[in-house]
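Asks: To start, I am sharing the structure in question, which I have written as C-alpha cells.
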Amino acid sequence: WWKHLENAPPDSILGIKKIYNMDKNPNKVDLIVGAYRDANGKPVILPSVLEAEKMIEKKYTDKEYAPISGLPQFNQLSAQLLLGPDSSVLCNQLNATSQTVSGSGALYVSGKFMAQFFPGNTCIYLPQPTWANHEAIFKFVGLEVAWYRYCDPKVSKLDFEGLMDDINKIPEKSIAFFQGCAHNPTGVDPSQEQWCEISQLVKKRQLFPVFDVAYQGFASGDFYNDAFSFRTFLQDGHKVAILQSYSKSMGLYGERTGSCTFIADCKSEADTILTQMEEIIRKTYSSPPIHGSRIVVEILADENLKYMWFQEVKMMSERLKAMRNALKENLEKAGSKHNWDHIVHQIGMFCLSKLTPKQVKKLTDDYHIYLPADGRISVAGLTTKNVQYVANAIHEVTK
Ligand code: LMR
C-alpha cells in the first residue's frame, strides 16, 4: 500500500538530535534542543518537582482519565500564573483555559480553533524568524501563514521599524502572533516601551493577538517581568489567546504539560469557546495526560513549593547568563576578532550565533559540536567543562 511514499524531511531541530545520538565521539557537544542542562551537562529534575511527585504518590490512588479540557485546578492555577492573581479577567471568569499537550498541543488546538471559527482573515502573521514548528503547525491545521519583519539574524537586533511597518500593513481583522518573552530562536525581545507601541498598533489595525509563552521565567528569572507583553495587551483592552508550556520552566519536557487560553468578552462567551476547544481535543487525542498537570497543581497551590520553584527558575536563568558570558570571554581569549556582544545581549535559552550553515557544518564535521543549521545555540548545552572547547572551535571556523 505504501510503496509510493517518500521520506518526510528530517526535523530541523530534533532530526539533528537523532544524528548526535549516533555519534560515538567522547567530545561531542549537544547545543541542539532547548532543554535545560545542569553545570555537568546533565538533564535536571527540579527539586520542587521531586517534592510534588512525593506528594502525588501519597495523595492519588488512580490513573483515571482527566476531563477533556484537563484538570480544572491546573487550568485555574495556570491562568493565574500567566495573568496574575488579581487579574480582572480571572475575577470575571473571562478566560477559556484548557490543558493541552504542552505548547505544541496549545498551538494545534488554538490553530484548529482559529482556522474553524476566526471571524476575520484566517491568516496568521508570524515573526521572521520564529521556531520552525510555528509555521508547520499553523499550516497543518489550515491557517494561512504570512510574516512580519522581526530580527535580521546578521545584525541580531530587533528590527523594530520593520516590525511596525509590516504590522501596520497587515489586513484588518487578521491574526498577529507573538512570542511572549525569550524569543526562540533569536533571543531578542522588544523592550517594554516597544511592547506598549506594538499593542497600540495591533489595536489600531484591529488584529487578534496570539502569544506563545514557552519561556516565562527564563528571560529575566522573574515570572512577573516575563509576563509584561501579554499583560500589557490585556490592560490595553485586547482579547488575546495565550499558549503556555511548562516544558522549560518546570522541566516537564516529556510530561507534555501546557495550556491554551482564549480571553472572551463575557463569561458565557468563554464557556462557549471552551466547549469548542473540548470538541477539537476530544477528536484529536481525547483528553490530556495527568501526571504533569498534577505536578503543576502541587507546586502552584503550595506557597512554599511555589517559592522554591521560582528560585529554581531564577537559578537556571542565571546559569544560562553565566554561560553566555563564558562563551564570549572564551572567544575573545581564543583571539577571535569578531564582535560577539550579541551573545550576552540576547536573552533566554538560545543564542542566534551568526554562524553560517557552512560554519555550522564544519563545527559538526570537525569538532562534533551539534546545533541547527541556522546557527542557533542552545545555551543550556554549555558547561564550564565544554565552553572553552566550543569557543575555540567557533573561533577556528570563523577565522
Ligand atoms: C527547541 O526549540 O529546541 C525546543 O522548543 C524543542 C523543540 O521541540 O523544538
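Asks: From the list Asp62, Asp86, Asp159, which one is under 30 Å from Asn339 (Cβ atoms) and without any contact (Cβ under 8 Å) to a residue 24 or more places away in the chain? Even if it seems obvious, please write down each step before you answer.
Replies: Values: Asp62 fails: under 30 Å from Asn339 (Cβ atoms); Asp86 fails: under 30 Å from Asn339 (Cβ atoms).
Among Asp62, Asp86, Asp159, only Asp159 is under 30 Å from Asn339 (Cβ atoms) and without any contact (Cβ under 8 Å) to a residue 24 or more places away in the chain.
Asks: Using beta carbons and a limit of 6 Å, which pairs, at least six apart or on different chains, have the first residue in the stretch 10-24 and farther than 16 Å from Pro185 by Cα and the second one more than 10 Å from the ligand (Cβ to nearest atom) and part of a loop (DSSP other than H, G, I, E, B)?
Replies: Asp23/His368
Asks: Any residue at all in the stretch 303-315 that is within 16 Å of the ligand (Cβ to nearest atom) and within 17 Å of the chain's Cα centre (by Cα)?
Replies: At the first step, the residues of the stretch 303-315 found to be within 16 Å of the ligand (Cβ to nearest atom) are none.
Within the stretch 303-315, none of the residues are within 16 Å of the ligand (Cβ to nearest atom) and within 17 Å of the chain's Cα centre (by Cα).
Asks: Taking the criterion of being touching a strand residue (DSSP E or B) at 6+ places or on another chain (Cβ under 8 Å) and either buried (at least 21 other Cβ atoms within 10 Å of the Cβ) or over 24 Å from Lys248 (Cβ atoms) (or both), would at least one residue in the stretch 307-325 satisfy it?
Replies: Of all residues in the stretch 307-325, those touching a strand residue (DSSP E or B) at 6+ places or on another chain (Cβ under 8 Å) come to 324.
Then drop every residue that is not either buried (at least 21 other Cβ atoms within 10 Å of the Cβ) or over 24 Å from Lys248 (Cβ atoms) (or both), which leaves 324.
Checking the stretch 307-325: at least one residue is touching a strand residue (DSSP E or B) at 6+ places or on another chain (Cβ under 8 Å) and either buried (at least 21 other Cβ atoms within 10 Å of the Cβ) or over 24 Å from Lys248 (Cβ atoms) (or both).
Asks: From the list Leu82, Leu71, pick out the single residue that is more than 29 Å from His183 (Cβ to Cβ), in the same structural domain as Gly292 (by TED's automatic domain parsing) and crowded, with 16+ Cβ neighbours inside 10 Å. Reasoning before the result, please.
Replies: On the way: Leu82 fails: more than 29 Å from His183 (Cβ to Cβ).
Step by step, each of Leu82, Leu71 is checked, and only Leu71 is more than 29 Å from His183 (Cβ to Cβ), in the same structural domain as Gly292 (by TED's automatic domain parsing) and crowded, with 16+ Cβ neighbours inside 10 Å.
Conditions (1) within 16 Å of the ligand (Cβ to nearest atom); (2) of a type in the set (Gly, Ala, Ser), marked per residue:
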position	(1), (2)
Gly15	yes, yes
Asn25	no, no
Val29	yes, no
Arg37	yes, no
Glu53	no, no
Ile56	no, no
Gly70	no, yes
Gln80	no, no
Gly105	yes, yes
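Asks: Quick one: would you say Glu51 is charged (D, E, K, R) and in contact with a Leu (Cβ under 8 Å, 6 or more places away or on another chain)?
Replies: Numbers: charged (D, E, K, R): yes; in contact with a Leu (Cβ under 8 Å, 6 or more places away or on another chain): yes.
It is true that Glu51 is charged (D, E, K, R) and in contact with a Leu (Cβ under 8 Å, 6 or more places away or on another chain).
Asks: Taking the stretch 268-306 only, how many residues are under 29 Å from Gly111 (Cβ atoms) and either hydrophobic (A, V, I, L, M, F, W, C) or surrounded by 22 or more Cβ atoms within 10 Å (Cβ to Cβ) (or both)? Walk me through how you get there before you give the answer.
Replies: Filtering the stretch 268-306 down to residues under 29 Å from Gly111 (Cβ atoms) leaves 268-297, 299-300.
Of the ones still in play, those that are also either hydrophobic (A, V, I, L, M, F, W, C) or surrounded by 22 or more Cβ atoms within 10 Å (Cβ to Cβ) (or both) are 270, 273-274, 277, 280-281, 288, 290, 292-297, 299-300.
Residues that pass the stated criteria total 16.
Asks: Okay, next question. Starting from the stretch 286-298, keep only residues that are in the same structural domain as Lys248 (by TED's automatic domain parsing), then list their pairs with residues that are modelled with pLDDT under 95 and buried (at least 22 other Cβ atoms within 10 Å of the Cβ) whose Cβ atoms are within a distance under 8 Å, requiring at least 6 positions of separation or different chains.
Replies: none
Asks: Have a look at Val202, Val188 and point out the one that is assigned to a helix (DSSP H, G or I), β-branched (Val, Ile, Thr) and either away from the ligand (no atom under 16 Å from the Cβ) or buried (at least 21 other Cβ atoms within 10 Å of the Cβ) (or both). Even if it seems obvious, please write down each step before you answer.
Replies: Working: Val188 fails: assigned to a helix (DSSP H, G or I).
Answer to the check: Val202.
Asks: From (1) surrounded by 15 or more Cβ atoms within 10 Å (Cβ to Cβ); (2) more than 16 Å from the ligand (Cβ to nearest atom), pick out the condition that doesn't hold for Asp62.
Replies: (1)
Asks: I've got another one for you. Answer yes or no: is there a residue in the stretch 24-37 that is under 17 Å from Met250 (Cα atoms) and of a type in the set (Val, Ile, Thr).
Replies: Step one: filter the stretch 24-37 for residues under 17 Å from Met250 (Cα atoms), giving 33-37.
Next, from what is left, pick out any that are of a type in the set (Val, Ile, Thr): 33.
Checked the stretch 24-37: at least one residue is under 17 Å from Met250 (Cα atoms) and of a type in the set (Val, Ile, Thr).
Asks: Also, I was wondering about something else. Quick check on this structure: which one of Ala182, Ala219 is over 27 Å from Phe117 (Cβ atoms), within 14 Å of the ligand (Cβ to nearest atom), in contact (Cβ under 8 Å) with a residue 60 or more places away in the chain and part of a loop (DSSP other than H, G, I, E, B)?
Replies: Working: Ala219 fails: within 14 Å of the ligand (Cβ to nearest atom).
It is Ala182.
Asks: Out of everything in the stretch 114-150 that is within 16 Å of the ligand (Cβ to nearest atom) and hydrophobic (A, V, I, L, M, F, W, C), what residue ends up being farthest from Thr284 (Cα to Cα)?
Replies: Out of the qualifying residues, it is Leu126.
Asks: Looking for whichever is buried (at least 18 other Cβ atoms within 10 Å of the Cβ), out of contact with any Phe, Trp or Tyr (no Cβ under 8 Å at 6 or more places or on another chain), among the basic types (Lys, Arg) and in contact (Cβ under 8 Å) with a residue 40 or more places away in the chain here; the options are Lys112, Lys154. Which one fits? Can you show your working first?
Replies: Working: Lys154 fails: buried (at least 18 other Cβ atoms within 10 Å of the Cβ).
Selected residue: Lys112, the only one of Lys112, Lys154 that is buried (at least 18 other Cβ atoms within 10 Å of the Cβ), out of contact with any Phe, Trp or Tyr (no Cβ under 8 Å at 6 or more places or on another chain), among the basic types (Lys, Arg) and in contact (Cβ under 8 Å) with a residue 40 or more places away in the chain.
Asks: Additional query: Do you know which residues across the stretch 365-377 are surrounded by fewer than 19 Cβ atoms within 10 Å (Cβ to Cβ), touching a residue at least 24 places away in the same chain (Cβ under 8 Å) and away from the ligand (no atom under 16 Å from the Cβ)?
Replies: Across the stretch 365-377, the qualifying residues are Asp366, His368.
The values are calculated or read from the model by the stated rules, or taken from the named source; none is laboratory data. Keep in mind the model is a prediction, meaning the values are calculated, not measured. Please note: Cβ atoms are built from the backbone with ideal geometry, for glycine as well, and neighbour counts cover all protein chains shown.
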